Amino acid sequence: MSSQVLLSHLSFSYTSAVDVLTEVSLCLSQGWFGVVGPNGSGKTTLLRVLAGDLPGDPAMIQRTPSDMIVRYCPQRVEHLTPAIRDFAESWQGNAHRLMGQLELEPTQLAHWQSLSPGERKRWQIGAALVDVPELLLLDEPTNHLDTRAKKLLFDRLERYQGIGVLVSHDRQLLDSLTCSTIRIHPGGTVKLYSGNYSAARELWLNEEKRSRQTRSKLQAERRKLKRRLDAARRSREKAESDMDTAKRLKSVHDSDARSMAAKGRAASAEKRLGREVTVLRRKLGKADETVEQARVDKQVGRSVFVLEEVAPMQNLIWLKTPAIRKGDRILLRDVDVLVRRESRIHLKGPNGSGKTTLIEELLQASQLPEERILYLPQELPHERVERNRRMMESFSDMAKGRLLQVVAALGVPPERLLASEQPSPGEARKLALAMGLSRQAWLLLLDEPTNHLDLPSIERIEEALVRYSSALILVSHDDRFARTLTRETWRLEEGRLVM
Ligand SMILES: Nc1ncnc2c1ncn2[C@@H]1O[C@H](COP(=O)(O)OP(=O)(O)OP(=O)(O)O)[C@@H](O)[C@H]1O
Ligand SMILES: [Mg+2]
């Protein structure tokens, strides 16, 4: 029998303030399922539920076979896990083949801390695949990967035979790998569509259009019915008052019977119409829900408004050094660069070439006041997320209001952020970005800023940064995003910085 995972009416919340998943029912069988939804909607939560990683009612999740091998690859890869170590040390042919396919070298583990997040990601996924899982859960696997690494990973995932669940904002990956799409709405409801992301998107856009049409048709019908119901109610009332008058006048029996019959007819018409109105109200409620959902989903489309200020000095950072190292490795030689107040630089290079290290060196060399620099690292450390949250709490009502406006325009409902003890990676990045932008930074150092962000927010940020004329150093594998925002390229090639 082929494997299967069944979720029935599963709900989950971290705190009583916000429901993350509500009444989710899904049946997953062999093939790749894409999971999409805005930041903070509950994609990671759904994966963790499927992995059995969160407390929940076991009756609501059924796996066939019950001892199915499940592997979950979380969004962040920081630590060298025993699974990765076992994989690297394995002598089995399968492990060696996988390492070859993913271009992994066991010697890399010796300097794990200096591996780039993209390299660590491949180790993490390799270690999961080597166990031949029946259920493989991947949370945004391509966030840190360059084009080549993405291709390596895709080629391997395409051959996977089990049930695959892939959370991603990468349209290209979703479209080429998945054949079903699970869409999560901010309210925690989940819907399964057949087809990859583009096909599913077309289905839900049509669905929303049909719901809008149905809603206006139902509204017109309800108005008509209500008029008929009012008329029926009036005739029943009239029949009742006729009967009362007849009783008072003690008129003959047949006149009494006539009034009774009229009242009975009017009452049953009223009852029938009342029932029809109830049915219509229910249908209308359903159509309203879909239309409302579409409206909520579209709120992300508001533009980001930020005040800006250009630096008063011409040159911001000068970095001149014979070598930049990471641990005992020399990453770059003979570096001599100047960042001016109008610089808009795209910093490019394959995974592990030293982009992040160069940014850290630039920060070291900087003499600018700390609050005038917005440095958004590739992965926000937990302490920084926590510090930002505490800082937001300490703001005056006005400053907090302004900040939350930017946060909301980036697609995070402020009440969710305020209620969440652990913002999701997407929410945390938007908060950090909003804080920097509302501080009027002179220099933005953004290391893969679109990682973890949903598609509408990427477009909003692009729009905001185009108008924000401070200096910018951008590391991004998203070429379209980088082309729009930068004017020059610094390329890291074989240990040199080429301009
Ligand atoms: N441990 C936790 N305690 C409280 N709230 C949490 C916790 N973890 C997540 N949340 C909240 O639950 C909601 C769903 O989080 P989840 O991480 O599943 O979102 P996501 O869709 O994966 O987001 P992203 O696209 O940013 O990765 C978010 O609003 C988040 O702030
Ligand atoms: Mg997530």
Checklist entry - Summing -39500 (n - 2.57) over the DSSP H runs of n ≥ 4 in the chain and dividing by its residue number, what mean residue ellipticity at 222 nm do you reach, to the nearest 500 deg cm²/dmol? => result -15500 deg cm²/dmol
Checklist outcome for this item: The correct ranking of Met392, Met398 by accessible area at 1.4 Å, largest first, is Met398, Met392
Checklist outcome for this item: Sorted on mean Cβ neighbours within 10 Å (highest first), peptides 451-459, 85-93 come out as 451-459, 85-93
Item to check | Taking N as its residue count, the alpha carbon Rg of the stretch 95-166 over 2.2 N^0.38 Å | outcome: 1.05
Checklist outcome for this item: Which residues qualify? For Asp454, with a placed amide H closer than 5 Å and at least 5 residues away or on another chain, they are Asn39
Checklist entry - So, how do all the Cα-to-Cα distances of the stretch 4-195 break down into 10 Å bins, in percent, from 0 on up? => result 9, 37, 35, 17, 3, 0
Item to check | Rg [Å, one decimal], Dmax [Å, integer] - the stretch 315-498, C-alpha atoms | outcome: 16.7, 51
Next on the checklist: Quick check for you: with a 1.4 Å probe and neighbouring chains kept, what is the accessible area per residue of the stretch 315-498, in Å²?
Outcome noted: 45
Checklist entry - At what distance in angstrom do the alpha carbon centres of the stretch 123-192 and the stretch 353-400 lie from each other? => result 30
Next on the checklist: For the chain, give me the percentage of DSSP beta bridges that are antiparallel, rounded to the nearest 5 percent.
Outcome noted: 45
Next on the checklist: At 10 °C and a viscosity of 1.306 mPa s, what translational diffusion coefficient does Stokes-Einstein give for the stretch 1-57, taking Rh as the Kirkwood radius over Cα pairs? Give it in µm²/s as a whole number.
Outcome noted: 128
Checklist entry - Averaged per residue, what accessible area in Å² does the stretch 191-248 show with a 1.4 Å probe, protein chains only? => result 70
Checklist outcome for this item: Cα convex hull volume per residue for the stretch 154-241, in Å³, equals 138
Checklist entry - Out of every Cα pair in the chain, what percent are spaced more than 45 Å from each other? => result 28
Checklist entry - Of the accessible area of the chain, with the probe set at 1.4 angstrom, what percent is carbon plus sulfur? => result 50
Item to check | Potential extension, Asp288-Lys320 segment - 0.36 nm per residue separation minus Cα distance | outcome: 5.3 nm
Item to check | For the stretch 174-187, 3J(HN,Hα) per residue [Karplus equation, 6.51 cos²θ - 1.76 cosθ + 1.60, θ = phi - 60°, Hz, x = Gly/Pro] | outcome: 4, 5, 7, 9, 8, 10, 9, 10, 9, 10, 9, 8, x, x
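The values are calculated or read from the model by the stated rules, or taken from the named source; none is laboratory data. Just so you know, these numbers come straight off a predicted model, no measurement behind them. With ideal geometry, Cβ positions are generated from the backbone for all residues, glycine too; neighbour counts draw on all protein chains shown. Note: areas computed on protein heavy atoms with side chains; ligands, DNA, RNA excluded. Shrake-Rupley method; radii C 1.70, N 1.55, O 1.52, S 1.80 Å.
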